[in-house]
Amino acid sequence: MFAVHPLALPATALALLLAATTASADAQRLEADLRALFADRGELEIGEVSEAMVRNRISAEAIRFESDSGERLLLDRYEVRGDYDSPDSVHLEGLSVLDELTELPLLEVERIVMEEPSRAVFPFHESLHSNEVSIGELQVDNLSADMSTEAARRYLGDELDAEGSGRLEIESLHGVELTPSAIGRLELSGIAGHGEGGSELGTGRFTVGSLVMEGLAGLDQQGDERFDSLDMRELMVESDNLVASLERLVADGSMAEGGELRLDALKLDLARMIELAPVDERTQLRMASNVLTDGSGELLMDAVFSGQWETDNGETRLLSDSHIDADNAFRWNLDVDLPVRLPEGVEPERYLAGIEGLDDLEGLTILGGEITNVLSNQGLFGRLAPIMAATQGVSEADFIAQARTQARGFGMMLGPEIGAVLAGLVDMMDGRASELEIRLTLPPDSEIDALSADPLALPVKLSMQVETR
């Protein structure tokens, strides 16, 4: 048999008493922190606060909060595990926010787990701004948000159209290294949403298999948001104006070094989109679809858009190599190699990050360089001539002859370079060529805003070479 020292029992009892006292104090702190969290914002009810000494857990159950504006927050359980001042994790279960008028759920979450949070309860005023607020790892299960409620319109403001409504569901959200300004990695899976009106897509729904973003930063400053990489897979969209799917979208790279956007297997279901179009537009749309897809009604595309800055010995170059490949239709390649001079004191990454359109390129000076476009026929141009001839009620040979005459006419009016481009397109329709290359050589010390102000004068300002093969 085991022998027990006579002093062991009092010591054990004392340890249990101290643990119970500490746990009781932590339970009081949790209740006080929760009440402070919602203080001066409405009425808060907490059903029960309890502690489990053996497992070192403090929990509050049946939390109910009604804001001054009428929304209600319901939470089945809020649990803190580990040392209250430095928790191992915080668990929330059964969270819902109800709209004040309709009592419909604005937000519902089955479970939230925060691993290694910087504190047990995050006050609203600190969590959005303090650098001391952090979460080592975040897991959210079965989140749904209803954008049709009055509360959603009030909180989202300009982000939500007054005439639109919708719902968003996310099966799983996982984040690593979260602070108010940055997230190391954010992964979402099982995303689904639907909406009615309120956008250019109209009424419809979408699903996303997974979305992963890494290196998010600048989240605390509007307009400074950025990320190192994005990977989205299995996107499907079905709406009044668009029926499409995308196997994968990948974006990576920072503006300091350049980046790439890649679209894999973008499929446009033109046949279904035509069925959704107004009746009086369907004939023309079917004709365009037949030309693009050879009658299949589905256009499959891959695309890569890449660009980067290079700086060497004080000279900055903008390089780009991009293409669009439309299956059984065409391929378009764009190569750019431009030495540029930026406004004094401006770093390339900051300048490029602020560009939204040509109007924002003021002050950028091009020091020569080349832009090369190559258009390749993969079936599209061979289908153009027969269809265009049929619509005009002439033979294919007559249509080609007319097109050549018109190309020469435009060349006389707009310049030989434009005439050569149009003649090259006619050659591709006639089967005499399969590729059209347009190479632009830019003059040195040319300001891009001046070049873009008069597009029709570009052939005179630039050196243009046109080649068919």
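The values are calculated or read from the model by the stated rules, or taken from the named source; none is laboratory data. Bear in mind that the values here come from a model prediction, so they are computed numbers and not experimental data. No Cβ is skipped: glycine too gets one built from the backbone with ideal geometry, and neighbour counts run over all protein chains shown. Each accessible area value is taken on the protein alone, full model and side chains, heavy atoms only, with ligands, DNA and RNA left out. Shrake-Rupley method; radii C 1.70, N 1.55, O 1.52, S 1.80 Å.
Observations on the model:
- Selection from the range 453-469 of residues that are modelled with pLDDT of 65 or more and touching a helix residue (DSSP H, G or I) at 6+ places or on another chain (Cβ under 6 Å): MET464, VAL466, THR468
- Evaluated against (1) open to solvent by 40 Å² or more (accessible area, probe 1.4 Å); (2) closer than 28 Å to LEU106 by Cβ; (3) not in a helix (DSSP H, G or I), ALA36 falls short on exactly one condition, (3).
- For the range 432-440, the criterion of being open to solvent by 30 Å² or more (accessible area, probe 1.4 Å), assigned to a helix (DSSP H, G or I) and touching a Gly at 6+ places or on another chain (Cβ under 9 Å) is met by no residue.
- In the range 190-227, residue farthest from SER289 (Cα to Cα) [restricted to those that are open to solvent by 40 Å² or more (accessible area, probe 1.4 Å) and modelled with pLDDT of 90 or more]: GLU214
Okay, residues lined up against (1) surrounded by fewer than 17 Cβ atoms within 10 Å (Cβ to Cβ); (2) more than 25 Å from LEU318 (Cα to Cα); (3) modelled with pLDDT of 95 or more; (4) not aliphatic (A, V, I, L, M):
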residue	(1), (2), (3), (4)
GLY363	yes, no, no, yes
ASN373	yes, no, yes, yes
SER376	no, no, yes, yes
ALA389	no, yes, no, no
MET428	no, yes, yes, no
ASP449	yes, no, no, yes
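- Restricting attention to the range 53-94, the residues that are hydrophobic (A, V, I, L, M, F, W, C) and open to solvent by 30 Å² or more (accessible area, probe 1.4 Å) add up to 5.
- Cβ pairs under 8 Å, 6+ apart, first in the range 122-143 and among the charged types (D, E, K, R), second at pLDDT below 90 and in a loop (DSSP other than H, G, I, E, B): GLU126/GLU132; GLU126/VAL133
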